[in-house]
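Below is one structure, written out as C-alpha cells; comments come after it.
The values are calculated or read from the model by the stated rules, or taken from the named source; none is laboratory data. Here the structure is a predicted model, which is why all the values come from computation and not from measurement. Reconstructed Cβ throughout: ideal geometry from the backbone, glycine too, with neighbour counts over all protein chains shown. The area values use the complete protein model at the heavy-atom level, side chains included, leaving out ligands, DNA and RNA. Shrake-Rupley method; radii C 1.70, N 1.55, O 1.52, S 1.80 Å.
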Amino acid sequence: MDQLRKLADRLIGLSAAIGSAALLCVVGVVLLDVVGRAFGNPLYGGQDITMMAMTVMIFAPMAQCDRLGGHIAVDLFERFFPAKLNYLIDIVVAIFGAAIFAALAWATWDSSQLSVMLNLSTNLLYLPKAWFQWAMVAFMLLAALGLALRAVELALTGRDIRSEKDA
C-alpha cells in the first residue's frame, strides 16, 4: 500500500508540475500577445495556444487539489455527527469523487474519439483537439486513482492522506 501511495504521490506531483508549466505558458503567451498588440503585431495563434494550455492548466492539478484537501467540502453538520459517521462519510465521498472523475474521463474519451473521427483542431494553428482531450482523460483518471486510493486507505487503515503535513 505504501509503494502504491508513493507512486501515486509522484504522479500527482508530476501532474501538478505539468499544470504549473501550462500556467507559465499561458502567462507567456498572454504577455507576448499584449506586447505584440501594442506594437500592432499580435501573437499569431495566441488564442489557440491559450485555449489548449488552459485545458491542461485546469485538469492537471485536480489530483493535487484532492491530495491537499482543496476540493469543496460542506462540513456544516460534521460537528453534530458521531466520529464513526464522519469517517464513513469521508469514505463514501472519496468513492463518489472517484466515480465522478472516472465518468468524466469516459465521457471525454468518447468526445476524443469524435474529435479524431472528424479531425477537429484549433482554428489557426491546427492543433489536434484529441491530444488535449487525451491529456485531460489521463489527468482525470489520476484524480480518480487518488480518490479511490484515499478511500481504500481510509477504509483499511483509517489514515487520511489529506491531513498529513508532508504533502
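The table below gives the values:
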read-out: Hz values of 3J(HN,Hα) by residue in the stretch 63-70 - Karplus curve (6.51, -1.76, 1.60), Gly and Pro given as x; value: 5, 5, 4, 5, 4, 8, x, x
read-out: Residue with peak Gaussian network fluctuation, the chain [Cα springs, cutoff 10 Å], from Leu114, Leu11, Leu142; value: Leu114
read-out: Span-like helix ranges in the chain, DSSP H, alpha carbon extent 24 angstrom or more, Kyte mean at least -1.0; value: 2-38, 83-118, 129-157
read-out: Trypsin sites (Lys or Arg not before Pro) restricted to DSSP loop in the stretch 1-60 with at most 13 other C-beta within 10 Å; value: none
read-out: Loop chymotrypsin sites (Phe, Trp or Tyr not before Pro), the stretch 1-78, which have at most 16 other Cβ atoms in a 10 Å radius of their Cβ (DSSP); value: Phe39, Tyr44, Phe77
read-out: The chain: most fluctuating residue of Thr55, Thr108, Thr157 per GNM, C-alpha cutoff 10 Å; value: Thr157
read-out: Net charge of Cβ neighbours under 12 Å - reference Ala98; Lys, Arg +1; Asp, Glu -1; value: 0
read-out: Normalised convex hull volume, the stretch 34-92, alpha-carbon set, Å³ per residue; value: 122 Å³
read-out: For the chain: relative contact order, % (alpha-carbon pairs under 8 angstrom, 6 or more apart); value: 29 percent
read-out: Accessible area expressed per residue, the stretch 1-101, with surrounding protein chains retained (probe 1.4 Å, Å²); value: 67 Å²
read-out: In Å², nearest 10: area of Leu149 left accessible to a 1.4 Å probe; value: 10 Å²
read-out: Lys, Arg +1 and Asp, Glu -1 on Cβ, resulting dipole of the chain about Cα centre, debye, nearest 20; value: 100 debye
read-out: 5 angstrom amide H check on Ser121, placed H, neighbours 5+ away; value: Lys129
read-out: The chain - mean residue ellipticity at 222 nm from DSSP helices (-39,500 (n - 2.57) per run, n ≥ 4, rounded to 500); value: -26000 deg cm²/dmol
read-out: Principal semi-axes in Å for the stretch 52-142 [√(5λ), Cα gyration tensor, largest first]; value: 36, 13, 8
read-out: Fraction of accessible area attributable to carbon and sulfur, the stretch 1-88 (%, probe 1.4 Å); value: 71 percent
read-out: Gaussian network model of the chain, springs between alpha carbon atoms under 10 Å - residue of Gly36, Gly45, Gly28 with greatest fluctuation; value: Gly36
read-out: Residue (of Ile89, Ile72, Thr108) at the positive-pole extreme of the stretch 38-112, dipole from beta-carbon charges; value: Ile89
read-out: Mean shadow area of the chain over all directions, Cα convex hull, nm²; value: 12.0 nm²
